[in-house]
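Everything below concerns the one structure shown next.
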Amino acid sequence: MHKIASVIKVLFRTTAKKYPMFFVLKILRMIVTTVMPFIALFVSPLIVDEIVGERNLQRLIVLTVILVGGEALCQILNDMLTNFINRYSTRLDNLFSLEIGKHVMELDFQLTEDKEALEQIEKARTGMEWYSGGVHGISDQFFNFIGNLLKAVGYITVIVLNAPLILLAIVVYAAVNAMFVGKLNKISIEAFGKLSKVNRLFGYFGWNIVDPRYGKDIRLYGAQSMMVNAWKENTRKSNDHWKWQGDSGLKYEVSGALLGLARSIFAYTYSAILAIRKLISIGTFTQLISAEVGLNGAIGGMINSVTELVKRCNYAYEYVIFMDYPEALSKGTRSVEKKPHEIEFKHVSFSYPKTDRKVLDDVNIKITPGEHLSIVGLNGAGKTTFIKLLCRLYDPTEGEILMDGVNIKEYDYGQYMEQFAPVFQDFKLFAFSIAENIAFEKKNADIKGITDRVGLHDFVEKLEKGTDTNIFKFFDEEGVEPSGGEQQKIAIARALYKDSPVVILDEPTAALDPIAEYDIYKQFNSLVGGKSAFYISHRLSSCQFCDHIAVFSEGHIAEYGTHGELSNIPDGIYAEMFEAQAQYYRD
């Protein structure tokens, strides 16, 4: 009951705020569909008795007009209301898909790399979009139950007044059948719990096969067979999953059908005996049969609505869980001014969640306001993790990070994030315009100066729409496909436009040749000016522009100093790295 109450509260409240007419239409349709079968239930017996009795033509015509006209009017109203409801249904599907998408973007970054959180996102999506039917599917079961309850009251009244024994048979049938339906729903819920991983793998291979971004690698490395075989294997697993669900529920479905057949045989036989003995009229006989069928349908409908409501709410409850997903990071309230800061790592160690290996181990470093720091080291040394902690994408496992002497956990999270303009090595551009990729929601932003400074002048000048040109061709056939180097320059322009007091370059120039990279760093260093800057690069050309260099090795800062100091350390890590790269250019 807790899950049902939670789902109805969250989903119905959200819907009522956005589309209140949706529920008005649902209630009106419930009234129409409840009234509709009773027109035939009460008018048809009168017609039958009139035919076998006095056969008054005028009365027959009036009764027929009432029957046909009433049902036709109800059907027209039902069709109109259903049409309007379906329009709202599409809007609601989009609304809750948007809510999921917004929440995914608002999650702490740490959760976007957490397997359990990723599984929960998938469960929320499939639970709302597929299995539960969303608000439309859940509200249908809710109002179907109320409508069937009202119908059952009417049918029971007719049966009790004429043949109460039939009611007893129907109650016994409903109780036993409810057990069968409960078993089937238990199987369905168990199947849903196992399906999220199957669906993720099925979707991954299914979509990647046709994703043009993987086209070059698939063709040049002959990956077609591997991808198709993986897709076939996961398709087989998906089919096996559905087969298990069908096989497990078959015996309950067959048992329910046989039980329903026995109930119908009893009701028809008993009603016929009453009619033959003239205890009821022929018209009442037809009314009893209609009431028995109707009551069975109403009770079955109520049982089905309750079980479906439980099942659908169990699915949709995954959405409720996800929308209330706990934060990975505690958030402070202290204001932080947008200005150059002193940043200090004090005895900072870090292990990624659910692992014991320390990626960083007892790191201590202080960066003064406006200082330019180069971070170097071999792959896996902890350089990018250091930046993730600085940007508070994760919190340290041990130690603390201070900004202006205050633990960064105390600062308002949104204001703290505004202090940083990073360009990560795996940065992403979006299928929007160049201007939107740089300035985002800021309309009519003046970005020409920045694009020129990062070396995009010639690239932009060739475009008919300039910086209003869309990147990629996903949504625009006239979109442009920038080279790797051009994409990196756009990402750097984005960081400059943000105008934060701390700028971070985490190997964003890997696609550029060494000379182009040198030019970028040389110009970028002057653009950064008095801001604090962190540079990470395997090519050490950036180091000569920095005030200090921190050399990471196995999670520690193994060496720290200026370029001149570190390059003169005999057998030093930095000296060896620098000499190894320099000899290629000398040779």
Checklist line | Hits in the stretch 1-56 - residues which are part of a helix (DSSP H, G or I) and among the hydroxyl-bearing types (Ser, Thr, Tyr) | finding: Ser6, Thr14, Thr15, Thr33, Thr34, Ser44
Item checked: Inter-residue pairs, beta-carbon under 6 Å, first in the same structural domain as Arg357 (by TED's automatic domain parsing) and in contact (Cβ under 8 Å) with a residue 24 or more places away in the chain and in the stretch 551-580, second of a type in the set (Phe, Trp, Tyr) and buried (at least 16 other Cβ atoms within 10 Å of the Cβ), 6+ apart -> Val551/Tyr574
Note to self: Please go through (1) touching a helix residue (DSSP H, G or I) at 6+ places or on another chain (Cβ under 8 Å); (2) crowded, with 19+ Cβ neighbours inside 10 Å for Glu129 and return the number of the only condition it doesn't satisfy.
What the structure shows: (2)
Check: Are there any pairs, at least 6 apart or on different chains, whose C-beta atoms fall under 8 Å, with the first in the stretch 137-165 and farther than 16 Å from Thr307 by Cα and the second part of a helix (DSSP H, G or I) and at pLDDT 90 or above, and if so, which?
Finding: Leu150/Thr34; Lys151/Thr34; Lys151/Pro37; Lys151/Phe38; Gly154/Phe38
Check: In the stretch 419-473, which helices (runs of 4 or more DSSP H) lie fully inside it and hold 2 or more residues that are touching a residue at least 12 places away in the same chain (Cβ under 8 Å) and among the aromatic types (Phe, Trp, Tyr)?
Finding: none
Note to self: Every residue in the stretch 142-193 that is among the charged types (D, E, K, R), surrounded by 20 or more Cβ atoms within 10 Å (Cβ to Cβ) and closer than 22 Å to Lys251 by Cα, please.
What the structure shows: none
Note to self: Of the conditions (1) surrounded by 16 or more Cβ atoms within 10 Å (Cβ to Cβ); (2) under 24 Å from Val135 (Cβ atoms), Gly70 satisfies every one except a single condition; which number is it?
What the structure shows: (2)
Check: So which of Leu261, Leu288, Leu274 ends up being closer than 17 Å to Ile166 by Cα and surrounded by fewer than 11 Cβ atoms within 10 Å (Cβ to Cβ)?
Finding: Leu261
Margin query: I need a count of the residues in the stretch 206-225 that are over 28 Å from the mean Cα position of the chain (by Cα) and exposed (fewer than 13 other Cβ atoms within 10 Å of the Cβ).
Written below: 8
Next item on the list: Among the residues of the stretch 474-507, write down those that are within 30 Å of Glu337 (Cβ to Cβ) and assigned to a loop (DSSP other than H, G, I, E, B).
Entry: Asp499, Ser500, Pro501, Glu507
Check: Can we say His538 is modelled with pLDDT of 90 or more, surrounded by fewer than 19 Cβ atoms within 10 Å (Cβ to Cβ) and within 40 Å of the chain's Cα centre (by Cα)?
Finding: no
Check: When you scan the stretch 541-560, how many residues do you find that are modelled with pLDDT of 90 or more and touching a Phe, Trp or Tyr at 6+ places or on another chain (Cβ under 8 Å)?
Finding: 7
Check: Just a yes or no: is a residue in the stretch 73-80 farther than 25 Å from Ser305 by Cα and either at pLDDT 90 or above or not charged (D, E, K, R) (or both)?
Finding: yes
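The values are calculated or read from the model by the stated rules, or taken from the named source; none is laboratory data. Just so it is clear, the model here is predicted, and its values are computed rather than measured. Neighbour counts run over all protein chains shown; Cβ positions are idealised from the backbone, glycine included.
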